[in-house]
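Novice: Provided herewith is a single structure, encoded as structure tokens, for subsequent inquiry.
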Amino acid sequence: MKRQGMFWAWLSAVSLGGCEPAEVIREVPLHVRVVDENEHPLAGATVHLDETDIGTTDERGTVTVDLAESDGRRVTARVTCPDQWTPCGEPSREVQLRYLTPLDGRSTSAVPVEVDFRCRAIVQPQVLLVRTNGRSGLPVMVLGQAVARTDSQG
């Protein structure tokens, strides 16, 4: 009888000692928005989560995905701007994935985790106007290179 009591005590200690709470996996919506320096949506930017491409921004400049992740997990969101564009500021951010629901009590869907990035054009359109009071044939220099010559009206 005493041996049986010791067995149950040992079994309880072993089973309770290794007990950890189960990791909760939920669908966490992630909404990434990429805009230009004027806040216009930017299509064609690639969005990465850690080292995985999760999508390319659409005409609204967005990528939205539902991630089956453990609540509270930290990931790195990164954007690769389209050709002829470069990131403004840091091209990556650490994001904590949290399953949040609205407090209104009417909705049961999760509130998306939102991340915004900004890109700027590498080449900005420029206009250079030169007036030389009728002197034609003069070189127009930009950054040390002749890019044009004045016409017959100067």
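The values are calculated or read from the model by the stated rules, or taken from the named source; none is laboratory data. Here the structure is a predicted model, which means the values were calculated and not measured. In this analysis, Cβ positions are derived from the backbone assuming ideal geometry, glycine residues included, and neighbour counts consider all displayed protein chains. Remember, those area values only see protein heavy atoms, side chains included, never the ligands or the DNA or RNA. Shrake-Rupley method; radii C 1.70, N 1.55, O 1.52, S 1.80 Å.
Novice: Would you point out the residue of the stretch 27-58, among those that are under 25 Å from residue 110 (Cβ atoms) and of a type in the set (D, E, K, R), that is surrounded by the fewest Cβ atoms within 10 Å (Cβ to Cβ)?
Specialist: 51
Novice: Sort out which residues of the stretch 138-149 are in contact with a strand residue (DSSP E or B) (Cβ under 7 Å, 6 or more places away or on another chain) and either open to solvent by less than 70 Å² (accessible area, probe 1.4 Å) or not β-branched (Val, Ile, Thr) (or both), and write them in order of number.
Specialist: 138, 139, 140, 146, 148, 149
Novice: Hey, another quick one. Among what's in the stretch 21-39 and is of a type in the set (Asp, Glu) and closer than 17 Å to residue 119 by Cβ, pick the residue that is modelled with the lowest pLDDT.
Specialist: 37
Novice: When you go through 118, 135, 74, 78 one by one, which is the residue that is basic (Lys, Arg), surrounded by fewer than 14 Cβ atoms within 10 Å (Cβ to Cβ) and in contact with a strand residue (DSSP E or B) (Cβ under 6 Å, 6 or more places away or on another chain)?
Specialist: Residue meeting the stated conditions: 74.
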